[in-house]
Amino acid sequence: MIKTIKWGILGAGKIAAKFASDLNKTTGIELVAVASTSLERAQQFALNHHVRHAFGSYEALFTVDIDVVYVATPHTYHKEHSLLCLNKGVGVLCEKPFAMDEIEVNEMVALARKNQVFLMEAMWTRFLPSTLKVQSWIAEGKIGNIKTIHADFGFKAAFDEKSRLFNPSLGGGAFLDIGIYPAFLSLLLLGYPSKILAASIFSKTGTDETTSFIYQYDNQSTAVLNCTVVAHTDCDARIYGENGSIKMHGRFHEATRLTLYTLEGVEVETLEFPRDTFGYNYEIEEVNDCLRNGLLESSNWSLADSNKLIHLLDKTREAAKIVY
């Protein structure tokens, strides 16, 4: 009989609500508890998402039996709340970015390994069927060697200096919130770059409104990437190879449509990836499989992978002069 994985959720915001919705559509799990700094908010969340227990403190989450916690708080609290779980001997799926910088990530990884507890960054795009198909097409030589990747992610957010997006004390700004997606795609498909160029436009609170960045690789390929929270963009990704190209239709980080083109731009094939979830169910299933098999990390998105990504984010922020 398949083991039921008992989940807790730390934080009760919008992303936690989407995640809980997908948890409830995943078999072999039990959504045991949610914790917030507000008991009333936790109770309403529990009512909305069929959660058995609701707590008004994060510490209280560990008074019930859970296997793993989804950390869904703002970026600046990811390390603190992940360490809390790891010190309780409870596994962690922490929302991206894993933490504010590589130093914090190293501390999280070190504690997970010391305590022999499962830890994974919630880089959910990694597990989507559309992402896996892109990798498959490339591995099969459908477009030949990649020459350049163009990807952007942008939406217009109403300015509010207290909101998460524009508050530097919460790790606000476009780059860490959504720039991570084009950065991740480039890392997944081309590896770590040999050269990083980046520039940002900053809001009056000091957070980056727009960041554009270019990665150059030793194999003579490039990635031209962009993110913004002050304009709506196509939010698609194009992967151009020497023999053809692939389009990940917007929004590419959660693509439900892919198109393969010839070198001349003639459509070869378009595939659809319909789903009735937000897409978090695929990473949920990855965590469930790891826990059932007694693994301390995923081989498909390992702690070393997360370390490479945060290192890339740090170096890109440094080039763009984004400081928290």
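Have a look at PHE62, PHE55 and point out the one that is surrounded by 21 or more Cβ atoms within 10 Å (Cβ to Cβ) and among the aromatic types (Phe, Trp, Tyr).
PHE55
Restricting attention to region 137-186, report how many residues are of a type in the set (Val, Ile, Thr) and in contact with a His (Cβ under 6 Å, 6 or more places away or on another chain).
0
Pick from region 65-82 the residues that are open to solvent by less than 30 Å² (accessible area, probe 1.4 Å) and over 15 Å from the mean Cα position of the chain (by Cα): which of them is nearest to VAL109 (Cα to Cα)?
Filtering first and then ranking leaves SER82.
Could you tell me whether GLY250 is modelled with pLDDT under 95 and in contact with a His (Cβ under 9 Å, 6 or more places away or on another chain)?
So GLY250 fails the test.
Only one of SER245, SER203, SER221, SER186 is in contact with a Leu (Cβ under 7 Å, 6 or more places away or on another chain), farther than 22 Å from ASN300 by Cα and open to solvent by less than 50 Å² (accessible area, probe 1.4 Å); which?
Testing whether each residue is in contact with a Leu (Cβ under 7 Å, 6 or more places away or on another chain), farther than 22 Å from ASN300 by Cα and open to solvent by less than 50 Å² (accessible area, probe 1.4 Å) leaves just SER221.
Looking only at region 16-46, which residues are open to solvent by 20 Å² or more (accessible area, probe 1.4 Å), part of a strand (DSSP E or B) and without any contact (Cβ under 8 Å) to a residue 60 or more places away in the chain?
Hit for region 16-46 is GLU30, nothing else.
Could you please find all residues in region 47-69 being hydrophobic (A, V, I, L, M, F, W, C), closer than 30 Å to ASN293 by Cβ and part of a strand (DSSP E or B)?
Correct list: PHE55, VAL68, VAL69.
Among the candidates ALA183, ALA151, which residue alone is closer than 14 Å to LEU225 by Cα, assigned to a strand (DSSP E or B) and touching a Ser or Thr at 6+ places or on another chain (Cβ under 8 Å)?
Going through ALA183, ALA151 in turn, the sole match is ALA151.
Given the criterion more than 12 Å from ALA151 (Cα to Cα), open to solvent by 30 Å² or more (accessible area, probe 1.4 Å) and without any contact (Cβ under 8 Å) to a residue 40 or more places away in the chain, identify the matching residue among SER212, SER194.
It is SER194.
Are there any pairs, at least 6 apart or on different chains, whose C-beta atoms fall under 8 Å, with the first in region 270-283 and surrounded by 15 or more Cβ atoms within 10 Å (Cβ to Cβ) and the second among the acidic types (Asp, Glu), and if so, which?
Partner pairs satisfying both residue conditions: THR277/ASP22; PHE278/ASP22; PHE278/GLU254; GLY279/ASP22; GLY279/GLU254; TYR280/ASP22; ASN281/ASP22.
Only one of THR228, THR233 is closer than 29 Å to ALA157 by Cβ, modelled with pLDDT of 95 or more, surrounded by 18 or more Cβ atoms within 10 Å (Cβ to Cβ) and among the hydroxyl-bearing types (Ser, Thr, Tyr). Can you tell me which?
THR228
Looking at (1) under 17 Å from the mean Cα position of the chain (by Cα); (2) at negative phi, can you tell me which one TYR240 breaks?
(1)
Among the residues that make up region 70-88, is at least one of them part of a loop (DSSP other than H, G, I, E, B), farther than 26 Å from ILE310 by Cα and modelled with pLDDT of 95 or more?
Looking through region 70-88, none of the residues is part of a loop (DSSP other than H, G, I, E, B), farther than 26 Å from ILE310 by Cα and modelled with pLDDT of 95 or more.
The values are calculated or read from the model by the stated rules, or taken from the named source; none is laboratory data. Worth saying up front: this structure is predicted, and the values here are computed from it rather than measured. Every residue, glycine as well, gets a Cβ built from its backbone with ideal geometry; the counts of neighbours run over all protein chains shown. Note: areas computed on protein heavy atoms with side chains; ligands, DNA, RNA excluded. Shrake-Rupley method; radii C 1.70, N 1.55, O 1.52, S 1.80 Å.
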